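The next block holds one structure in the form of structure tokens; read it before the comments.
The values are calculated or read from the model by the stated rules, or taken from the named source; none is laboratory data. The shown structure was predicted, so the numbers you read here are calculated from the model rather than taken from an experiment. All Cβ positions, even for glycine, are placed from backbone atoms using ideal geometry, and neighbour counts span all protein chains on display.
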Amino acid sequence: MPPSIRKARRIDGRTLALRDAGESDAAFIHALRTDPVRARFLSAVPPDPSAQTEWLRRYAADSSQAYFVIADGAAGEPLGTVRLYGARGDAFSWGSWLLKAGLPSHCAIESALMTYHYGLWLGFRSAYFEVRQDNLSVWRFHEHFGATRIGADDRHFHYELAADALTQALQRYRRYLPHGIRVSRD
């Protein structure tokens, strides 16, 4: 049986935590997704914050994705978001990866590593995703991480991170997440 995406209440890394997004996170997520600089490469969201609350309400009943608030592991301060979705055989897709401005670079690396570790924890072996072509810093990040560009459309580059490349990347960057992750499901 192929793996499936499941929600987790909380995933702890070295300095960060991923916690399941809920309606109480709507204002933070909406502010992040409507920031003209931070969200310029994401799908547009309605200007009314109540639409974010409604989306989170629907998400709570959706078993096909896991949407997390990236938070400071100790203080709990929300720092960003990331989402796993699109299970396809032994691969998952991820996106909605958005971090507040001014964070140290280790936050991006650790949150990406946590996302991949959680995908492996769920039983997936590889990942695929798309990045807007004009989002130079993010597609460079993924290519440096080991992702292979497998195609493009008018607006996006399409990537995969094969099982071997994923294993190598987790090994190469293990100093950012030396003990892996701890998953709390309930």
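Details
- Test: residue in the stretch 148-162 that is touching a Lys or Arg at 6+ places or on another chain (Cβ under 7 Å), part of a strand (DSSP E or B) and in contact (Cβ under 8 Å) with a residue 40 or more places away in the chain: no
- Total residues in the stretch 85-96 satisfying the condition of being in contact with a Gly (Cβ under 7 Å, 6 or more places away or on another chain) and either farther than 14 Å from Glu130 by Cβ or among the aromatic types (Phe, Trp, Tyr) (or both): the figure is 1.
- For the stretch 35-55, the candidate set comprises residues that are over 16 Å from the mean Cα position of the chain (by Cα) and of a type in the set (A, V, I, L, M); within that set, the residue that is surrounded by the most Cβ atoms within 10 Å (Cβ to Cβ) is Val45.
- The single residue among Glu160, Glu143 that is at negative phi and surrounded by fewer than 17 Cβ atoms within 10 Å (Cβ to Cβ) turns out to be Glu143.
- Filtered by the rule that a residue be in contact with a strand residue (DSSP E or B) (Cβ under 8 Å, 6 or more places away or on another chain) and either at pLDDT 95 or above or buried (at least 16 other Cβ atoms within 10 Å of the Cβ) (or both), the stretch 118-132 gives Tyr118, Gly119, Trp121, Leu122, Phe124, Arg125, Ser126, Ala127, Tyr128, Phe129, Glu130, Val131.
- Of the strands (runs of 3 or more DSSP E) lying entirely inside the stretch 63-134, those carrying at least 1 residues that are touching a His at 6+ places or on another chain (Cβ under 7 Å) and more than 18 Å from Gln171 (Cβ to Cβ) are 126-132.
- Within the stretch 42-62, considering residues that are within 19 Å of Leu99 (Cα to Cα) and outside any loop (DSSP other than H, G, I, E, B), the one modelled with the lowest pLDDT: Pro49
- Here Arg88 fulfils each of the conditions (1) under 29 Å from Asp164 (Cα atoms); (2) basic (Lys, Arg); (3) buried (at least 16 other Cβ atoms within 10 Å of the Cβ) apart from (3).
- Residue that is farthest from Cys107 (Cα to Cα), among those in the stretch 1-37 that are in contact with a Ser or Thr (Cβ under 6 Å, 6 or more places away or on another chain) and of a type in the set (Lys, Arg): Arg9
- Once the stretch 15-34 is narrowed to residues that are touching a residue at least 60 places away in the same chain (Cβ under 8 Å) and assigned to a loop (DSSP other than H, G, I, E, B), the residue that is farthest from the chain's Cα centre (by Cα) is Thr15.
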